[in-house]
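Just below is one structure, and these are the notes that go with it.
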Amino acid sequence: MNQKISLITFILGLVLVIFSFTLRESYEKEMYQLYINQQKDNLVKGWTKSWQDYLVQNYKVDSDSNVITVKVDRNGKLVDKAFFPTKSKSESDWKQFSSLTKIDQKKFLESQLTKNDSWDKALAVKRLHSNDSSYQFKKLSLYEKTLVDQSIKESVSLIFEQLKNKTDFSNIENRYTFDRVLMKADKDGVVSLSVPSLNYLTKILFPAFRSEANVTEIELSANPFNIQIKQGFNPFKFNSVREKTLMGLGFILLFLAVGLYLLELKNKRLEVLKKVSFLNQLVHEVKTPITGIRLNSELLLKHGHDEELITALMKSSKRLNDFFEDIVLINKGDKSLNLIRLSQSEFQDFLDEIDSEFKNKIVITNSIQESVNIDKGRLRVVLRNLLKNAIRYGKRGTLKMELIDNSLVFQVQDEGPGIDLQDSGKIFEEFYRAKSAKNTSPDGLGIGLSIVKNLVTQMNGEIELKNPGKEHALFELRIKNES
């Protein structure tokens, strides 16, 4: 009971420790993430500023054929008045468009493409691109390009955002500066607001910048003038997954250690209980023949010579001797075989000795008609133990033997209740007694069949229970008739 309380207390304490660690880890993770995000923001700002300075110093517009440029005067007014479409001189009837067939609609839209810089053309470009994104246009204005190319649209949006936030360009010189886009004035005072093409930036300038800055964890954001950190980058090389894995493995090892310790305690407890049970049975087994010897000896001293008392005395001493013989056998270190060739008559004498020991309580049937090679000592102990069990649990026993494929086959069967199926796999273990054995005969240590199994193995033989779960337990022993 105390062990259960201790175990429950330990588990509860461990759960509380894990819970507190979890709460602390959650809080530290949140604080750490805030700190990481702040540091990332600082890094992004620093790298973005460095990137913008690099662009100002290294951008060459002559090398960028797809640069997007809008020109304004010093007051931020568009120099190219035709940037935005104008009204067509001959307006088209767009109301009839929806009633046309698809073929006629395409013809109608393509007819509008001749009206350069008009809203009719702009609308036609937008609809043609919407119907077929791969449609090839011959010549488009910058505004019309924004209708078919998202990157150009975003670049132009950056330029007009610059115009929205800055109207005075009087301080712009004949070299690139940066505010929201690159700006540079020519000798006539016309200011070019430029956004380099994404292709030029990603293939030429940005790789050169990353190499010069010796950083690989950055990339261009949607706004090509800004830098962003690649997904999963941690500036402190901290791997939260790894840390959690290590912590998890630590707890697993802790639980495993505790489990193994408790299992060891359980095994030791079972071992102690087994030893206590063995000692109790040992005392009981030894006490009975010793008591018989003592009582019979006292009667002989009192009444003198008596054949019946002497027989009883011999029986008790033999039982005690057999018991200790079994104990010695189960712990015997010498495993070498002592094979003896017995003729047919010598083998029959060997069986007759066993038969006489049990006094008409067994029936022996021998079908072997030739000489055999056996370990006489080991085989005698094996057959005696099997026959003793047959008589103890079934009152009577039978022993049959024959020679099959140069193997000696012995079958020992009793007349008892048999061995339950659930016990059949354990009956050859030391100190194990089947339920039916305990009910039939409370006495016994449960070492007889263990001795049998051990000796049969030493003789390179096999033994098995042939009818588990049925009445009249039948054991079959097979041993090679070694030449």
Can you give the FRET efficiency for residue 349 and residue 306, using 1/(1 + (r/R0)^6), R0 = 25 Å, r = Cβ-Cβ distance, to the nearest 0.05? 0.20
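Subtract the Cα-Cα distance of residue 261 and residue 73 from 0.36 nm times their separation in residues, and report this length gain in nm to one decimal. Show your work: numbers first, answer last.
Details: separation 188, 0.36 × 188 = 67.68 nm, distance 8.56 nm.
Gain on extension, residue 261 to residue 73, equals 59.1 nm.
Applying 1/(1 + (r/R0)^6) with R0 = 41 Å to the Cβ-Cβ distance of residue 11 and residue 40, what FRET efficiency is obtained, to the nearest 0.05?
FRET efficiency, residue 11 to residue 40: 0.50.
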Could you tell me the calculated FRET efficiency between residue 96 and residue 230, based on Cβ-Cβ distance and R0 = 51 angstrom, to the nearest 0.05? 0.45
Taking 360-369, 463-472 and ranking on average Cβ neighbours within 10 Å, highest first, one gets 463-472, 360-369
For the stretch 59-116, accessible area per residue (1.4 Å probe, heavy atoms of protein chains only), Å²: 73 Å²
Ignoring any ligand, DNA or RNA, what whole percent of the accessible area of the stretch 99-139 comes from carbon and sulfur when the probe is 1.4 angstrom? 50 percent
Label points 7 Å out from Cα along the Cβ direction at residue 60 and residue 119: separation in nm? 4.5 nm
For peptides 396-407, 257-268, sequence by mean Cβ density within 10 Å, most packed first: 396-407, 257-268
Built amide H within the under 5 Å cut-off of residue 340, gap 5+: 374, 375, 376
Taking every other residue with Cβ under 14 Å from the Cβ of residue 415 and scoring Lys and Arg +1, Asp and Glu -1, one gets +3
Interchain or long-range residues, amide H under 5 Å from residue 363's placed H: 397, 398, 399
Let me see the P(r) profile for the stretch 16-93: every Cα-Cα distance counted, bins of 5 Å, each bin given as a percent of all pairs. 3, 10, 8, 9, 10, 10, 8, 8, 7, 7, 6, 5, 4, 3, 2, 1, 0
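May I ask you to compute the full-extension gain from residue 19 to residue 338, defined as 0.36 nm times their residue separation minus their alpha-carbon distance, rounded to one decimal in nm?
Extra length from residue 19 to residue 338 when fully extended: 108.2 nm.
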Surrounding net charge for residue 479, when Lys and Arg each add one and Asp and Glu each subtract one, Cβ distance under 9 Å: -1
Sort 120-129, 137-146 for me by packing, meaning the mean count of neighbouring Cβ atoms within 10 Å per residue, highest on top. 120-129, 137-146
Restrict the search to the stretch 201-234; then list the trypsin sites (Lys or Arg not before Pro) that DSSP places in a loop and that have at most 13 other Cβ atoms within 10 Å of their Cβ. 230
Give the long-range amide H neighbours of residue 118: residues separated by 5 or more places, or on another chain, with amide H under 5 Å away, using H modelled in the peptide plane at 1.01 Å from N. 86
Label-point separation in nm, residue 126 to residue 370, each point 7 Å along Cα→Cβ: 10.9 nm
Where labels lie 7 Å past Cα in the beta-carbon direction, separation of residue 249 and residue 470 in nm: 5.5 nm
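The values are calculated or read from the model by the stated rules, or taken from the named source; none is laboratory data. It should be emphasised that the depicted structure is a prediction, and the values quoted were computed from it without experimental measurement. Please note: Cβ atoms are built from the backbone with ideal geometry, for glycine as well, and neighbour counts cover all protein chains shown. When the accessible area is computed, the model is the full protein with side chains, heavy atoms only, and any ligands, DNA or RNA have been set aside. Shrake-Rupley method; radii C 1.70, N 1.55, O 1.52, S 1.80 Å.
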